[in-house]
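The values are calculated or read from the model by the stated rules, or taken from the named source; none is laboratory data. For clarity, every value in this text was computed on a predicted model and none was experimentally measured. Because the Cβ atoms are built from the backbone with ideal geometry, glycine has one as well, and the counts that use them run over all protein chains shown.
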Amino acid sequence: MNLINRVFSKTVETLLRVDSRQKLSILIYHRVLPERDPMRPFEPTVDEFDWQMKVLTRFFQPISLTEAVSALDGDNLPSRAVCVTFDDGYADNEQFAIKTLQKWQVPATFFIATGFLNGGRMWNDSVIEAVRNARGAVLDLRQVGLDRFTLENINQRRQGAENIIASVKHRDAADREKLVEDIASIVGEPLPDDLMMSDAQVVNLRKNGMEIGAHTVNHLILRKMGDKSDAEKEIGESRRYLEALLGEAIDFFAYPNGKFDRDYSLDHRDLVESMGFRAALSTEWGVSNRATDRFQLPRFTPWDKTPLRFTGRLINNYRNLR
């Protein structure tokens, strides 16, 4: 084991020769699960998240988003700087992730879609859980304009859920909501109401030193919203809810889905700046430096299942400067 550790360390030291000075890498997570969920194979388990945070503290410099933005402004970012962020507001963030973050003393920012707090459920989770719980080996959704899905094993169920999500993801929000309700009705099985955080869990994250950011109310894709005032309402109400809950200003925003042009536009970027946020985060891959637009900071997370591959891909991302 000592030999393996020495080889790993030597390999990483070689990889770290890539110029990472004055560059910020921001990692994006959604969930941390107690054990592998075959319906969500890319979400890390508690054990995987533990070694990932260990890698960050060993080879990188984890800092808070507030510290990172200030350092970008002051052009004094530490070498191999990295931030950890979570999107949406899943309950396991407070149940499991925070314990690991505290163990390794890694600060993190949690972007909350406030409309799903206290028993709500995101539409994609409704699809996943409906397909997971569907009885029988076939789910026929042709009556609602989708396909007929074979569900003989867990892999087929996962693929079926992924196909449904891809088919409805970029539809009009009202149409998508109605379609998801129809799917749940066809399945006819109860869906979980404990996937997202409660107000108390958000407060607990903040009390334990984590930062909280806004992520709209209903996680709507801003480009799909016809009126700019509707987008401003989604963003603003999310922010006001969190500010009232925590009794402090909310400085950061994350675009739902987060791909430029597909999910948000320059108009939305300008809107967020005009609302007085300090910075906003996308899901475009890359790293930032002093010249990077503070309202389009990129994020990236390797999904590799081994420490060496995870570290190598993270280091390689420092070459992807936006």
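Quick one: is Phe8 modelled with pLDDT under 95, part of a helix (DSSP H, G or I), surrounded by 14 or more Cβ atoms within 10 Å (Cβ to Cβ) and not acidic (Asp, Glu)? Walk me through it before giving the result.
On the way: modelled with pLDDT under 95: yes; part of a helix (DSSP H, G or I): yes; surrounded by 14 or more Cβ atoms within 10 Å (Cβ to Cβ): yes; not acidic (Asp, Glu): yes.
Spelling it out, Phe8 is indeed modelled with pLDDT under 95, part of a helix (DSSP H, G or I), surrounded by 14 or more Cβ atoms within 10 Å (Cβ to Cβ) and not acidic (Asp, Glu).
A quick yes/no check of all residues on (1) buried (at least 16 other Cβ atoms within 10 Å of the Cβ); (2) within 18 Å of Gly258 (Cβ to Cβ); (3) out of contact with any Lys or Arg (no Cβ under 9 Å at 6 or more places or on another chain):
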| residue | (1), (2), (3) |
| --- | --- |
| Val55 | yes, no, yes |
| Phe59 | yes, no, no |
| Phe86 | yes, yes, no |
| Ile98 | yes, no, yes |
| Pro107 | yes, no, yes |
(message) Just checking, does the stretch 279-299 include any residue being assigned to a loop (DSSP other than H, G, I, E, B), aliphatic (A, V, I, L, M), modelled with pLDDT of 95 or more and surrounded by 16 or more Cβ atoms within 10 Å (Cβ to Cβ)?
(response) no
(request) Could you please tell me which pairs satisfy a Cβ distance under 6 Å, a separation of 6+ or placement on different chains, a first residue in the stretch 206-221 that is modelled with pLDDT of 95 or more and crowded, with 21+ Cβ neighbours inside 10 Å, and a second residue that is of a type in the set (Val, Ile, Thr) and part of a strand (DSSP E or B)? (result) Gly213/Thr109; His215/Ile112
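Which of the following residues is closer than 16 Å to Arg206 by Cα, in contact with a strand residue (DSSP E or B) (Cβ under 7 Å, 6 or more places away or on another chain) and assigned by TED's automatic domain parsing to the domain that holds Asn208: Val84, Val69?
Numbers: Val69 fails: closer than 16 Å to Arg206 by Cα.
Of the residues listed, the single one that is closer than 16 Å to Arg206 by Cα, in contact with a strand residue (DSSP E or B) (Cβ under 7 Å, 6 or more places away or on another chain) and assigned by TED's automatic domain parsing to the domain that holds Asn208 is Val84.
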(message) Need pairs with beta-carbon distance below 8 Å; first residue in contact (Cβ under 8 Å) with a residue 24 or more places away in the chain and farther than 13 Å from Val287 by Cβ and within the stretch 301-317, second assigned to a helix (DSSP H, G or I) and acidic (Asp, Glu); sequence gap 6+ or separate chains.
(response) Lys305/Glu48
(message) Which of the numbered conditions does Arg262 fail, given that it passes all the others? Conditions: (1) more than 15 Å from Phe110 (Cα to Cα); (2) touching a strand residue (DSSP E or B) at 6+ places or on another chain (Cβ under 6 Å).
(response) (2)
(request) Scan (1) surrounded by fewer than 16 Cβ atoms within 10 Å (Cβ to Cβ); (2) farther than 30 Å from Val69 by Cβ for the single condition Gln102 breaks and write down its number. (result) (2)
(message) Criterion first (closer than 27 Å to Lys233 by Cα, surrounded by fewer than 18 Cβ atoms within 10 Å (Cβ to Cβ) and not aliphatic (A, V, I, L, M)) does Gly115 satisfy it?
(response) no
(request) With the condition kept exactly as written, say whether any residue in the stretch 32-46 is modelled with pLDDT under 95 and not charged (D, E, K, R). (result) yes
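What residue, of Ala174, Ala184, Ala161, is within 21 Å of Thr216 (Cα to Cα), small (Gly, Ala, Ser) and either surrounded by 15 or more Cβ atoms within 10 Å (Cβ to Cβ) or under 25 Å from the mean Cα position of the chain (by Cα) (or both)? I'd like the intermediate steps shown before the answer.
Numbers: Ala184 fails: within 21 Å of Thr216 (Cα to Cα); Ala161 fails: within 21 Å of Thr216 (Cα to Cα).
Of Ala174, Ala184, Ala161, the one residue that is within 21 Å of Thr216 (Cα to Cα), small (Gly, Ala, Ser) and either surrounded by 15 or more Cβ atoms within 10 Å (Cβ to Cβ) or under 25 Å from the mean Cα position of the chain (by Cα) (or both) is Ala174.
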(request) Considering every residue within the stretch 58-81, establish whether at least one is outside any strand (DSSP E or B), farther than 15 Å from Ser288 by Cβ and without any contact (Cβ under 8 Å) to a residue 60 or more places away in the chain. (result) yes
(message) Anything in the stretch 224-238 that is assigned to a helix (DSSP H, G or I) and surrounded by fewer than 20 Cβ atoms within 10 Å (Cβ to Cβ)? List them, or say none.
(response) Lys224, Lys228, Ser229, Asp230, Glu232, Lys233, Gly236, Glu237
